[in-house]
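Contents: one structure, followed by commentary.
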Amino acid sequence: MSVRDVLIIGAGPSGLATAIAAKQRGLDYVIVEKGVLVDAIYRFPVHMVFFTTPELLEIGGLPLTSPNDKPTRLEALRYYRRVVDTFGLQVSFHEEVTEIEPPHTAGAGFSRTDGAFTVTSRDTRGTTRVRHARAVVMAIGYYDHPNYLGVPGEDLPHVSHYYDDAHPQYRQRVVIVGGKNSAAEAALELFRGGAHVTMVHRRSALGDSIKYWVKPDIENRIKEGSIAARFDARVVDITPAMVRIERDGAVEEIPAEAVYLLTGYHADVDLMSGAGVRIDPVTLAPDFNKETFETNVPNLFVAGGAIAGRQTGTIFIENGRFHGEKIIAVLADRLRAD
């Protein structure tokens with residue numbers, strides 16, 4: 001049985017940074033990714049511009065160059081491909097981890113003779129693979145698990161939890177549910193792409209976390225009536241032709257050919273809890289040590305967006321990219337000690 005030192009789940013920036021640190025420390029590692037490289041960034045809106053400056057997205061000391069003050073999605077995708085090639089990282093793509101079984105031995109020891117985690121995965125052809133590792137890092141992000149409204153019609157074909165591009169909605173009536181950054185940016189891009197946009201938000205105003213150059217733009221478009229808005233509103237149900245909302249006790253039907261439910265995301269708590277990680281039932285945050293990022297399961301770590309629970313606005317590439325270095329330092333010290 002081949003046993004690696006560490007298995008990393010997720011090939012986003014935090015997972016890649018963890019792999020770079022593992023390789024530099026001489027640890028035997030592999031990354032298992034269920035989608036494509038930096039899958040969440042790939043699924044961002046096509047024309048998205050990052051909030052931050054290029055150097056704050058960098059990992060492994062490799063520069064991210066851009067002619068702009070803020071890099072684009074396309075530039076980020078190109079950069080992380082270069083990261084993998086430059087460091088020669090081992091990544092297995094299109095392979096979803098379905099189960100993590102902790103070692104049968106107890107304690108936080110880490111040695112080449114201890115019991116190992118058993119990690120089961122399945123690829124797109126349905127083939128199952130089993131790997132073994134002395135430690136596991138869950139850098140699984142959160143973008144692939146949307147927060148569902150739980151209303152009838154949420155699964156209709158014209159309803160999506162992800163916004164991609166405005167062009168298909170030219171001259172279409174579009175309802176966007178949400179009031180934070182992704183909803184505001186999508187509304188503006190759809191409006192300028194020729195769509196008739198209505199925003200529906202459960203609160204009385206747009207979120208404070210909206211990018212500083214986006215917020216006055218969206219507020220002015222709402223004020224002038226270019227983008228319609230319904231605040232303090234709750235979605236009742238969705239039909240093929242409309243979105244039914246309720247506010248102040250009155251029901252309104254808003255016609256829509258497309259609906260975007262941009263209501264946030266959360267990490268895969270089922271995978272974590274299945275491995276024995278304690279999950280807060282309210283915040284969905286895992287139980288972990290804030291210094292080492294080790295969960296209550298010895299040698300099982302979380303990195304990047306996986307630690308955020310529902311509070312996804314607290315973890316970004318800018319801070320999550322440093323988690324892997326701390327995790328690998330802990331694992332390397334344990335290996336030397338044993």
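Working note: Karplus 6.51/-1.76/1.60 with θ = phi - 60° gives the range 264-274 the couplings x, 9, 8, 6, 6, 6, 5, 5, 5, 5, x Hz, where Gly and Pro are set to x. The modelled label-to-label distance between Asp287 and Thr53, using points 7 Å beyond Cα along the C-beta direction, is 4.2 nm. Per residue, the chain reaches -6500 deg cm²/dmol at 222 nm when only DSSP H runs of four or more residues are counted, each adding -39500 (n - 2.57).
Amide H to amide H distances under 5 Å link Arg4 with His132, Ala133, Arg134, where only residues 5 or more positions off or on other chains count and H is placed in the peptide plane. Need one number: % antiparallel among DSSP beta bridges in the range 159-261, to the nearest 5. Taking every DSSP beta bridge with both residues in the range 159-261, the antiparallel ones total about 40 percent.
In the range 159-261, Cα pairs under 8 Å separated by at least six residues give a relative contact order of 33 percent. The antiparallel fraction among DSSP beta bridges confined to the chain stands at about 50%.
For Thr295, the amide hydrogen comes within under 5 Å of the amide hydrogens of Asn289, Leu300, Phe301, Val302, counting only partners 5 or more places away or on other chains and with H modelled in the peptide plane.
Report Rg/Rh for the chain, rounded to two decimals, where Rg is the Cα radius of gyration and Rh the Kirkwood radius.
1.01
Its alpha carbons give the range 159-261 an Rg and a Dmax of 12.5, 35 Å. Classify the range 211-288: rounded, prolate or oblate, from the alpha-carbon gyration tensor (a ≥ b ≥ c, eigenvalue square roots; a/c under 1.5 rounded; otherwise prolate if a/b is larger than b/c)? Note, shape of the range 211-288 comes out prolate.
Amide H contacts of Val236: Arg244, Ile245, Glu246, each under 5 Å away and 5 or more positions distant or on a separate chain (H built 1.01 Å from N in the peptide plane; Pro and chain starts excluded).
Among Arg134, Arg234, Arg125, the order by Cβ neighbours within 10 angstrom, fewest to most, reads Arg125, Arg234, Arg134.
Simple rule: put +1 on each Lys or Arg Cβ and -1 on each Asp or Glu Cβ in the chain, find the dipole, and look at Ala184, Thr52, Val136; the Cα lying farthest toward the positive end is Thr52. Just report the Cα centroid separation between the range 1-47 and the range 186-245, whole Å. First find each Cα centre; the distance between them is then 36 Å. Pairs spanning more than 24 Å between alpha-carbon atoms, out of Lys180/Lys223; Lys180/Lys290; Lys70/Lys180: Lys180/Lys290. Taking other C-beta atoms within 10 Å as the exposure proxy, Ser204, Ser92 rank Ser204, Ser92 from fewest upward.
None of the figures in this text is laboratory data; all of them are computed from the coordinates on show. Because the structure is a prediction, the values reported are computed rather than measured. Glycine gets a Cβ as well: all are built from the backbone with ideal geometry, and neighbour counts include every protein chain shown.
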